[in-house]
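Enquirer: Have a look at the structure that comes next, please.
The values are calculated or read from the model by the stated rules, or taken from the named source; none is laboratory data. Since this is a predicted model, take the numbers as computed values, not measurements. Positions of Cβ are generated from backbone atoms using ideal geometry, with glycine treated the same way; all protein chains shown enter the neighbour counts.
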Amino acid sequence: MTTQDIIEKILAKNPEISQEQILEKLKAEKSRTGGLLGDETLLRLIAAKYGVEVQQNTVHNNGNLSTSRLFAGLNDVTVAGRLIAVYPVRTFEGEKSGKFATLMVADNGGVLRVVLWNDKADLVEKGELKAEQAVRLLHGYTREDRYGRVELHLGVKSQIEIEPKEKASEYPTIDKFTTKIGSLSKTSGNVHLSGTVKTVLGVTSFTRSDSSDGTVMRFALADDSGEVTVVAWNEKAQELEKTLKVNACLQLVNAKVKETQNGGLEVHVDSNTYVNFQAAALRLTKIVNLTENQSVNVEGVVSTVPERKEVTTSKGETVKLTVFELKDDSGVVRVSAWRQHAEALNGIKIGDKLLFENAYVKKGFWDKIELTTQAATVASVVKD
């Protein structure tokens with residue numbers, strides 16, 4: 001049923017109102033819901049307020065979700081798949097206040113956006129629904145979103161089964177749908193990416209045209225095909241600032257590729273993007289293999305008594321420095337831990353096992369190889 005069909009049904013039962021009035025209500029509802037729902041969904045809600053019941057189609061699918069079978073207007077839909085994204089709960093105000101949460105579910109046929117309304121959103125608030133779980137979603141209904149894409153809605157009569165036994169192992173992970181960074185183009189649109197964080201440039205503030213404040217964060221993400229700059233905006237930038245670090249393994253679900261002014265490409269991340277990350281498996285470099293002018297990850301045991309002191313830099317700055325030797329089964333290297341890293345390692349002693357992530361190799365005294373900390377270094381004590 002088209003949006004015009006729904007409007008005509010409303011007019012037929014309510015001759016005292018005009019099509020222009022319905023369209024005005026549609027505009028108001030779109031504004032109230034922040035443009036998150038499609039016109040058809042909103043018109044069905046408006047129709048219900050005018051006492052008009054809009055007939056819906058019915059489909060039941062006991063097995064895997066097939067996106068090719070789904071279209072807007074279906075009722076009593078059951079699908080199954082794996083959660084690849086779970087977004088935070090959001091609230092809305094109006095004649096009927098409430099809350100909703102959004103999921104992304106994948107099976108071997110594709111990825112589907114799912115909207116959980118009110119009590120169903122409680123499962124997200126309580127932390128019961130998590131990315132990578134297999135789920136079965138029963139008795140939902142389909143709608144078009146504001147871009148014309150089909151999505152599944154779960155309301156009062158819907159049910160959610162977490163980790164169903166049947167065929168759960170067959171549901172794919174997000175990796176099945178990721179795009180290689182090297183194949184991105186200005187026409188890629190919305191994509192899913194996986195990669196390793198190479199550099200983090202931090203968060204900066206800016207002022208919008210309406211004089212409100214905004215924040216933006218940039219970092220470089222790489223996979224085995226290439227590297228791209230990722231731009232995170234506002235609340236997503238603030239979220240990542242607390243957790244993102246070099247060498248983290250990152251998954252971006254529903255990010256957007258944009259062309260820069262100089263013809264390059266960037267990947268933009270906002271509230272519609274789901275970010276899933278975990279520490280990447282570190283590639284450790286043996287001390288015997290350290291070479292000048294490279295950033296490395298090194299693990300070893302403190303082999304000399306740490307010397308702690310304060311030094312004055314060429315800029316006249318007084319900073320803390322801790323110096324000691326680190327050994328592994330291949331050799332020994334002198335380590336210089338500066339500033340916050342000297343503070344972090346303040347209590348270390350001979351025999352402690354340390355891990356240095358993204359430390360820098362250079363030539364020190366007598367042209368010997370030395371390991372030194374830099375701004376991006378993470379230094380930690382390894383507990384056995």
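Enquirer: State yes or no: is Ser271 more than 30 Å from Leu83 (Cα to Cα) and in contact with a Phe, Trp or Tyr (Cβ under 9 Å, 6 or more places away or on another chain)? Full working, then the answer.
Expert: Working: more than 30 Å from Leu83 (Cα to Cα): no; in contact with a Phe, Trp or Tyr (Cβ under 9 Å, 6 or more places away or on another chain): yes.
Against the criterion (more than 30 Å from Leu83 (Cα to Cα) and in contact with a Phe, Trp or Tyr (Cβ under 9 Å, 6 or more places away or on another chain)), Ser271 does not qualify.
Enquirer: Identify all residues within the stretch 249-270 that are surrounded by 14 or more Cβ atoms within 10 Å (Cβ to Cβ) and polar (S, T, N, Q); write none if there are none.
Expert: Passing the criteria: Gln251, Asn254.
Enquirer: Of all the strands (runs of 3 or more DSSP E) wholly in the stretch 116-187, which have at least 1 residues that are of a type in the set (Phe, Trp, Tyr) and farther than 30 Å from Ala222 by Cα?
Expert: Working: elements: 134-144, 150-154, 159-162.
Qualifying strands (runs of 3 or more DSSP E): 134-144.
Enquirer: Exactly one condition in (1) outside any loop (DSSP other than H, G, I, E, B); (2) at pLDDT 95 or above is not met by Glu357; state its number.
Expert: Failing condition for Glu357: (2).
Enquirer: Please list, ordered by first then second residue, the pairs with beta carbon atoms under 6 Å, 6 or more apart or interchain, first in the stretch 137-151 and within 21 Å of Asp76 (Cβ to Cβ), second part of a loop (DSSP other than H, G, I, E, B) and among the charged types (D, E, K, R).
Expert: Matching pairs, first to second residue: His139/Lys157; Glu151/Asp145.
Enquirer: Of the residues that make up the stretch 324-332, is at least one within 18 Å of Ile287 (Cα to Cα), modelled with pLDDT under 95 and surrounded by 17 or more Cβ atoms within 10 Å (Cβ to Cβ)?
Expert: no
Enquirer: Could you please give the count of residues in the stretch 204-247 that are more than 14 Å from Ser271 (Cα to Cα), surrounded by 14 or more Cβ atoms within 10 Å (Cβ to Cβ), small (Gly, Ala, Ser) and out of contact with any Ser or Thr (no Cβ under 7 Å at 6 or more places or on another chain)?
Expert: 1
Enquirer: When both residues are 6+ apart or on different chains and their Cβ atoms are under 6 Å apart, which pairs have a first residue that lies in the stretch 74-87 and is within 13 Å of Phe177 (Cα to Cα), and a second that is modelled with pLDDT under 85?
Expert: These pairs meet every condition: Arg82/Tyr171; Ile84/Ile174.
Enquirer: Separate question: Taking the residues in the stretch 1-25 that are basic (Lys, Arg) and either surrounded by 15 or more Cβ atoms within 10 Å (Cβ to Cβ) or more than 13 Å from Ala47 (Cβ to Cβ) (or both) as candidates, determine which candidate is farthest from the chain's Cα centre (by Cα).
Expert: Of all residues in the stretch 1-25, those basic (Lys, Arg) come to 9, 13, 25.
Narrowing further to those that are either surrounded by 15 or more Cβ atoms within 10 Å (Cβ to Cβ) or more than 13 Å from Ala47 (Cβ to Cβ) (or both): 9, 25.
Details: Lys9: 42, Lys25: 34 Å.
Here the residue is Lys9.
Enquirer: Does Asp367 qualify as being on the phi > 0 side of the Ramachandran plot and surrounded by fewer than 17 Cβ atoms within 10 Å (Cβ to Cβ)?
Expert: Working: on the phi > 0 side of the Ramachandran plot: yes; surrounded by fewer than 17 Cβ atoms within 10 Å (Cβ to Cβ): yes.
When the stated conditions are applied, Asp367 passes them.
Enquirer: Yes or no: Ala72 under 22 Å from Glu29 (Cα atoms), in the same structural domain as Ser158 (by TED's automatic domain parsing), not in a strand (DSSP E or B) and not charged (D, E, K, R)?
Expert: Details: under 22 Å from Glu29 (Cα atoms): yes; in the same structural domain as Ser158 (by TED's automatic domain parsing): yes; not in a strand (DSSP E or B): yes; not charged (D, E, K, R): yes.
It is true that Ala72 is under 22 Å from Glu29 (Cα atoms), in the same structural domain as Ser158 (by TED's automatic domain parsing), not in a strand (DSSP E or B) and not charged (D, E, K, R).
Enquirer: So is Thr304 in a loop (DSSP other than H, G, I, E, B) and crowded, with 16+ Cβ neighbours inside 10 Å or not?
Expert: Values: in a loop (DSSP other than H, G, I, E, B): yes; crowded, with 16+ Cβ neighbours inside 10 Å: no.
Taking the combined requirement at face value, the residue does not satisfy it.
Enquirer: With the requirement that a residue be without any contact (Cβ under 8 Å) to a residue 24 or more places away in the chain and hydroxyl-bearing (Ser, Thr, Tyr), what does the stretch 190-225 give you?
Expert: Of everything in the stretch 190-225, those that are without any contact (Cβ under 8 Å) to a residue 24 or more places away in the chain and hydroxyl-bearing (Ser, Thr, Tyr) turn out to be Thr204, Ser205, Thr207, Ser209, Ser211, Ser212, Thr215.
Enquirer: Only one of these is more than 12 Å from the chain's Cα centre (by Cα) and closer than 24 Å to Gly110 by Cβ: Val257, Val275, Val269. Name it.
Expert: Working: Val275 fails: more than 12 Å from the chain's Cα centre (by Cα); Val269 fails: more than 12 Å from the chain's Cα centre (by Cα).
Just one listed residue meets the conditions, Val257.
Enquirer: Output the number of residues of the stretch 26-53 satisfying the condition of being outside any helix (DSSP H, G or I), at pLDDT 65 or above and surrounded by 12 or more Cβ atoms within 10 Å (Cβ to Cβ).
Expert: From the stretch 26-53, those outside any helix (DSSP H, G or I) are 33-38, 50-53; that's our starting set.
Subset that is at pLDDT 65 or above: 38, 50-53.
Filter again for surrounded by 12 or more Cβ atoms within 10 Å (Cβ to Cβ), leaving 38, 50, 52.
Result for the stretch 26-53: 3.
Enquirer: Then there's this: Return the pairs, sorted by first residue and then second, in which the second residue is in a helix (DSSP H, G or I), the first residue lies in the stretch 226-242 and is on the phi < 0 side of the Ramachandran plot, the beta carbons are less than 6 Å apart, and the residues are 6+ apart or on different chains.
Expert: Val228/Ile181; Ala232/Leu240
Enquirer: Within the stretch 90-115, track down each residue that is loosely packed, with under 15 Cβ neighbours inside 10 Å, touching a helix residue (DSSP H, G or I) at 6+ places or on another chain (Cβ under 6 Å) and not in a strand (DSSP E or B).
Expert: Within the stretch 90-115, Gly94 is the sole residue that qualifies.
Enquirer: Just need a number here: residues in the stretch 324-359 that are among the β-branched types (Val, Ile, Thr) and touching a helix residue (DSSP H, G or I) at 6+ places or on another chain (Cβ under 9 Å). Lay out the reasoning, then the answer.
Expert: Residues of the stretch 324-359 that are among the β-branched types (Val, Ile, Thr), as a first pass: 332-333, 335, 348, 350.
Narrowing further to those that are touching a helix residue (DSSP H, G or I) at 6+ places or on another chain (Cβ under 9 Å): 332-333.
Counting residues in the stretch 324-359 that are among the β-branched types (Val, Ile, Thr) and touching a helix residue (DSSP H, G or I) at 6+ places or on another chain (Cβ under 9 Å) gives 2.
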